[in-house]
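Enquirer: Have a look at the structure that comes next, please.
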Amino acid sequence: MDFGEADRLLTVLSPSLGKLRVLAKGVRRPSSHMAGHVELFAHTHLQLARGRDLDIVTQASTIEPFRTLRENMVKVAHAFHLAELCDGFLQDADPHPAVFGLLLSTLHRLAGDDYRASFAARAFELHLLREVGYRPDLTTCLRCQSRIEPGANSYSVSLGGTVCPQCALTAPDAGPISSDVLKLLRHLQRTPNDRLRPVAVSEAVLREAERVMRRHLEFALERRLQASDFVRQATEAMPAAG
């Protein structure tokens, strides 16, 4: 966000220091040599000077600008979604190197052409939830502890995962989840992030998976996800890129 007359307050995620708020002085001036290195979603090496209230960016050099990502409305909308989730789930100065690596690899997927943006985002969500302690149970009924079999199963955000058809009757917030969506979410959850490969999935399954995950994420964060609306609007405007 803009700060003062020419400065900018940045939220950055680092592998060893966690999430930080830092001040980049003068980057809004046309003559600033640092401005191009602190763009949204850029992977950048920063040098900081300790300040009384905020650390100050003294040097910056770009490692990967992800320029193609920022040039596509659907991809940049999904990048905002990833950033909102990291900002919401992570505390300041609490290192999560695995989340840093997950975010970086997902930005690479969004910037490229091999992965559909919505597919990459669902994988990110499931791995992020595992890292921060909100991993959904997708294999067991959280009421009776029986194994979930193909059929008319449901998903309860308050319980944290799937419930069988019989137990769904006693879970007020349980909503239906199709077998194809459950199969996709299980695949994304159990596949290590570095081994994830593109999978052919219908648009209908991806839309339903997004709705299920959004309910889970918003319940965990206890607030509405703003970037999800941006993703929906961007995807409706540019459906092929979604």
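The values are calculated or read from the model by the stated rules, or taken from the named source; none is laboratory data. The structure presented is a predicted model; accordingly, all values stated were derived computationally and were not measured. Virtual Cβ from ideal backbone geometry, glycine too; neighbours counted across all protein chains shown.
Enquirer: Taking the stated definitions as given, is Val99 more than 23 Å from the chain's Cα centre (by Cα), modelled with pLDDT of 95 or more and surrounded by 17 or more Cβ atoms within 10 Å (Cβ to Cβ)? Before you say what the answer is, go through the steps one by one.
Expert: On the way: more than 23 Å from the chain's Cα centre (by Cα): no; modelled with pLDDT of 95 or more: yes; surrounded by 17 or more Cβ atoms within 10 Å (Cβ to Cβ): yes.
Considered against the rule, which asks whether it is more than 23 Å from the chain's Cα centre (by Cα), modelled with pLDDT of 95 or more and surrounded by 17 or more Cβ atoms within 10 Å (Cβ to Cβ), Val99 comes out as no.
Enquirer: For Arg214, are the conditions met, namely being crowded, with 17+ Cβ neighbours inside 10 Å and under 16 Å from Phe119 (Cα atoms)?
Expert: Details: crowded, with 17+ Cβ neighbours inside 10 Å: yes; under 16 Å from Phe119 (Cα atoms): yes.
Judged against the criteria, Arg214 is a match.
Enquirer: Let me ask something else about it. Could you tell me how many of the residues in segment 208-217 are in contact (Cβ under 8 Å) with a residue 40 or more places away in the chain and of a type outside the set (Val, Ile, Thr)? So that I can check it myself, show each step before the final result.
Expert: We begin by selecting, within segment 208-217, every residue in contact (Cβ under 8 Å) with a residue 40 or more places away in the chain; these are 209-210, 212-213, 215-217.
Then keep just the ones that are of a type outside the set (Val, Ile, Thr); that gives 209-210, 213, 215-217.
Counting residues in segment 208-217 that are in contact (Cβ under 8 Å) with a residue 40 or more places away in the chain and of a type outside the set (Val, Ile, Thr) gives 6.
Enquirer: In this structure, does Gly161 turn out to be in the same structural domain as Leu90 (by TED's automatic domain parsing), touching a strand residue (DSSP E or B) at 6+ places or on another chain (Cβ under 6 Å), free of Cβ contacts under 8 Å to residues at least 60 places away in the same chain and not β-branched (Val, Ile, Thr)? Even if it seems obvious, please write down each step before you answer.
Expert: Numbers: in the same structural domain as Leu90 (by TED's automatic domain parsing): yes; touching a strand residue (DSSP E or B) at 6+ places or on another chain (Cβ under 6 Å): yes; free of Cβ contacts under 8 Å to residues at least 60 places away in the same chain: yes; not β-branched (Val, Ile, Thr): yes.
Spelling it out, Gly161 is indeed in the same structural domain as Leu90 (by TED's automatic domain parsing), touching a strand residue (DSSP E or B) at 6+ places or on another chain (Cβ under 6 Å), free of Cβ contacts under 8 Å to residues at least 60 places away in the same chain and not β-branched (Val, Ile, Thr).
Enquirer: If you take the residues of segment 92-108 that are in a helix (DSSP H, G or I) and out of contact with any helix residue (DSSP H, G or I) (no Cβ under 7 Å at 6 or more places or on another chain), which of them is farthest from Glu131 (Cα to Cα)? Give the derivation first.
Expert: Taking segment 92-108 and keeping what is in a helix (DSSP H, G or I), we get 97-108.
Okay, now just the ones that are also out of contact with any helix residue (DSSP H, G or I) (no Cβ under 7 Å at 6 or more places or on another chain), so 97, 100-101, 104, 108.
Values: Pro97: 10, Phe100: 11, Gly101: 12, Leu104: 15, His108: 20 Å.
In this case the residue turns out to be His108.
Enquirer: Any idea which of (1) crowded, with 22+ Cβ neighbours inside 10 Å; (2) more than 11 Å from the chain's Cα centre (by Cα); (3) assigned to a helix (DSSP H, G or I) is the one Ala123 doesn't satisfy?
Expert: If we test Ala123 against (1) crowded, with 22+ Cβ neighbours inside 10 Å; (2) more than 11 Å from the chain's Cα centre (by Cα); (3) assigned to a helix (DSSP H, G or I), just (2) comes out false.
Enquirer: Would you check which residues across segment 188-204 are exposed (fewer than 15 other Cβ atoms within 10 Å of the Cβ) and either part of a helix (DSSP H, G or I) or more than 17 Å from the chain's Cα centre (by Cα) (or both) and list them? Break it down stepwise before answering.
Expert: From segment 188-204, those exposed (fewer than 15 other Cβ atoms within 10 Å of the Cβ) are 190, 192, 194-195, 197-200, 202-204; that's our starting set.
Scanning segment 188-204 gives Arg190, Asp194, Arg195, Arg197, Pro198, Val199, Ala200, Ser202, Glu203, Ala204.
Enquirer: Which residues, counting only those in segment 23-38, are surrounded by 14 or more Cβ atoms within 10 Å (Cβ to Cβ) and either touching a residue at least 60 places away in the same chain (Cβ under 8 Å) or within 22 Å of Val76 (Cβ to Cβ) (or both)? Quick ask: steps written out before the conclusion?
Expert: Going through segment 23-38, the residues surrounded by 14 or more Cβ atoms within 10 Å (Cβ to Cβ) turn out to be 23-28, 32, 34-35, 37-38.
Ala24, Val27, Arg28, Met34, Ala35, His37, Val38 - these are the residues of segment 23-38 that are surrounded by 14 or more Cβ atoms within 10 Å (Cβ to Cβ) and either touching a residue at least 60 places away in the same chain (Cβ under 8 Å) or within 22 Å of Val76 (Cβ to Cβ) (or both).
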